[in-house]
Each structure stands twice: as structure tokens, then as C-alpha cells.
Amino acid sequence: MQALQDPLLQEQEIALYIKREDLLHPEISGNKWRKLKYNLQEAKRLRHHTLLTFGGAYSNHIAATAAAGKAHGFTTIGIIRGEEHLPLNPTLRFSTASGMQLQYISREQYRLKEDPFFLQELSERYAQPYILPEGGTNSLAVKGCTEIVEDIAIGYDYICCASGTGGTAAGIIAGLAGERQVLVFPALKGGDFLQEEIKQLVYEYSGREFSNWRLLTGYHFGGYAKVKPELLAFMQAFQKQHHIPLEPIYTGKMLYGLFDLIRQGYFPKGSRIVAVHTGGLQGNAGFRERLGVEV
């Protein structure tokens, strides 16, 4: 847990802490470590030898699954959205170096990733693997993410996280069981759909519904993996001042949004806030390579 010192925080009388989930593991970092923990245990319990999952070419989940498979003795298969492009980007180079077999499918086929018949076809083709959904989000992933809040030993009023598939937010909400306030920052444009996704994930895991959380959908910067100069400038200034590396897909947007809310006086004076750094730093190499922008 890293406390930040910043003139804005002093001016608004806010205490802000970064929960450094990015430091959990050098290759299986942040929320991906949390999401995979109980899924790997379940795969071993069911005597599966292969993990199969889905993702885009720059997916943190693909890289983390490849690393986890190598570390724990699983064969790994990544179903990748879109066509193969050579040379491979840093994420896919890392994944193949970790032993993952990549299978590219069209975007039309990829939309079937939750279709039971398509999943059955994959199961038969790859000798009954343990199938992880895109982003790793399922009830076991939610269970792992509840432990994020169990690790926090300080008092606080708000906890903030970025969101893609909703699993991390659902775990935090379920783990808090109605206490404190949870602010969720979607990384996707039109992130309002996460309201029902998160609600359903929380209910499937806990059998309960909670109202102590809110989506803040105004900080997507154009959509998933989209950035703007003001986001990059914020990230560079933040990293220089606080010596905490960020990435522009999730955590950079969340912290930009959080500082913007603090500047607007959103939080009562004296508030104590925890912001969860969900890792994903492996993607920065691909981001630099693809767009030629330093992050």
C-alpha cells in the first residue's frame, strides 16, 4: 500500500493510497493473478492438463495465462481474435515463449466465444481443456478478487478500480459486502452495460445485491485501448512524481478520472481513498511498438 503525497490531495484534504497489485508477481500481475488463482486450483482438482482461453492480440489475460500455465505445469492454448500478424507483438511473443499455442480465428467466429456449441467443438478439438472465458472472469475469478479487500489493513472510505469485464469490480463489491463505497471506471466506451454484468457476477457469487457502488463512465478516452494526449501527459507526470508505473488501458484512465473527481470536489474533505493498481504493465511494450508513443 503506497501513500501518495500531492499538492491537490493536501488542498482537498484527501488521503490517497495505491494498492500495488502490480507487484504480486513479475509475470502474472495484478487482477490476473487474483482471477487465475482459484481457476488453476479447480483445473488441477478436475485433472485437466490444458488451459484454453480467449483474448485479443495485446491481452493481459492471454499473457498471464501463458505464464501461469508454464509455472504450474499446464499446456496452454490461446484463441486469438483476428488474423496473425508477423512479427508477433511483445504480448504474443511472450506468450509463445511461455509455451502457449496460438489459434487465430475471425472476429465473426470470436463472437461465439460463449456459445455452448462452439465451446464443445473446442473441447473436442483440444482434448477437453479447462476453458477460461475472455478476461478470465467467472465466479472463481470473483472469489479471487474478493481477497483484494482482505489484504487492506488500513481504514478507508472509498475504493476505486478500473474495469473491462467486471470481474475485479464484482470481487471487490462482494468482498466488502455492502461496506464503504466502490467506484468503478470502465475502460470501454459505452461502459454502462457493466452495470448489469457486475450486478449479475456479484449475485452469482454471493447470492446478494449491493448498492454501495457506482460506475463512472466518462473516462474511457474514446474507447478500449484508445488514448488522448491529456491522458499520456497525466501518466507521465504521475510516474515522474510518484514513481509508480502506469498503463494507458486501465489504471492510467482510472487514476486520471480519480484525480479529476478530486479536483472537482467530489469527495468530502477528510476522505480516505484506496485505488487498486491492477497491473497490466506488460502491455506497455506493445503499446509503444504499435503507436510509437512512450508510456
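Show me the helices (runs of 4 or more DSSP H) found entirely inside the stretch 119-228 where at least 2 residues are open to solvent by 50 Å² or more (accessible area, probe 1.4 Å), free of Cβ contacts under 8 Å to residues at least 12 places away in the same chain and more than 28 Å from residue 3 (Cα to Cα).
194-206
When residues of the stretch 76-99 are filtered for being of a type in the set (Gly, Ala, Ser) and open to solvent by 20 Å² or more (accessible area, probe 1.4 Å), how many remain?
Qualifying residue count, the stretch 76-99: 2.
Name the single residue, out of those in the stretch 40-68 being over 24 Å from residue 88 (Cβ atoms) and in a helix (DSSP H, G or I), that is most open to solvent (accessible area, probe 1.4 Å).
Of everything passing the filter in the stretch 40-68, 45 is most open to solvent (accessible area, probe 1.4 Å).
As an exercise: evaluate residue 73 against (1) buried (at least 17 other Cβ atoms within 10 Å of the Cβ); (2) on the phi > 0 side of the Ramachandran plot and give the number of the one condition it does not meet.
Every condition holds for residue 73 apart from (1).
So which pairs qualify, if the first residue must be in the stretch 38-50 and under 13 Å from residue 129 (Cβ atoms), the second must be open to solvent by 100 Å² or more (accessible area, probe 1.4 Å), the Cβ gap must be under 6 Å, and the two must be at least 6 apart or on different chains?
Qualifying pairs under 6 Å: none.
Check the stretch 103-112 and report whether any residue there is among the acidic types (Asp, Glu), surrounded by fewer than 23 Cβ atoms within 10 Å (Cβ to Cβ) and under 29 Å from residue 148 (Cβ atoms).
Within the stretch 103-112 (the criterion being among the acidic types (Asp, Glu), surrounded by fewer than 23 Cβ atoms within 10 Å (Cβ to Cβ) and under 29 Å from residue 148 (Cβ atoms)), the answer is no, since none of the residues qualifies.
How about the stretch 195-213: which of its residues are more than 18 Å from the chain's Cα centre (by Cα) and among the hydrophobic types (A, V, I, L, M, F, W, C)?
210
Residues in the stretch 16-39: is at least one closer than 27 Å to residue 118 by Cα, over 15 Å from the mean Cα position of the chain (by Cα), open to solvent by less than 50 Å² (accessible area, probe 1.4 Å) and of a type outside the set (A, V, I, L, M, F, W, C)?
yes
Checking the condition of a type outside the set (Gly, Ala, Ser), open to solvent by less than 30 Å² (accessible area, probe 1.4 Å) and farther than 22 Å from residue 58 by Cα, which residue from 242, 277 passes?
Answer to the check: 242.
Just the residues that are under 16 Å from residue 284 (Cβ atoms) and either in a strand (DSSP E or B) or not basic (Lys, Arg) (or both), please, taken from the stretch 22-33.
Once the filter is applied, which keeps residues that are under 16 Å from residue 284 (Cβ atoms) and either in a strand (DSSP E or B) or not basic (Lys, Arg) (or both), the stretch 22-33 yields 22, 23, 26, 27, 29, 30.
Can you report the number of residues in the stretch 247-263 which are among the β-branched types (Val, Ile, Thr) and modelled with pLDDT of 95 or more?
2
Quickly run through the stretch 70-88 and pick out the residues that are part of a loop (DSSP other than H, G, I, E, B) and over 12 Å from residue 102 (Cβ atoms).
Hits for the stretch 70-88 are 73, 74, 87.
The values are calculated or read from the model by the stated rules, or taken from the named source; none is laboratory data. Bear in mind the structure is a predicted one, so any value in this text is a computation, not a measurement. Every residue, glycine among them, receives a Cβ derived from its backbone with ideal geometry; neighbour counts consider all protein chains shown. Ligands, DNA and RNA are excluded from the accessible area calculation, which covers all protein heavy atoms including side chains. Shrake-Rupley method; radii C 1.70, N 1.55, O 1.52, S 1.80 Å.
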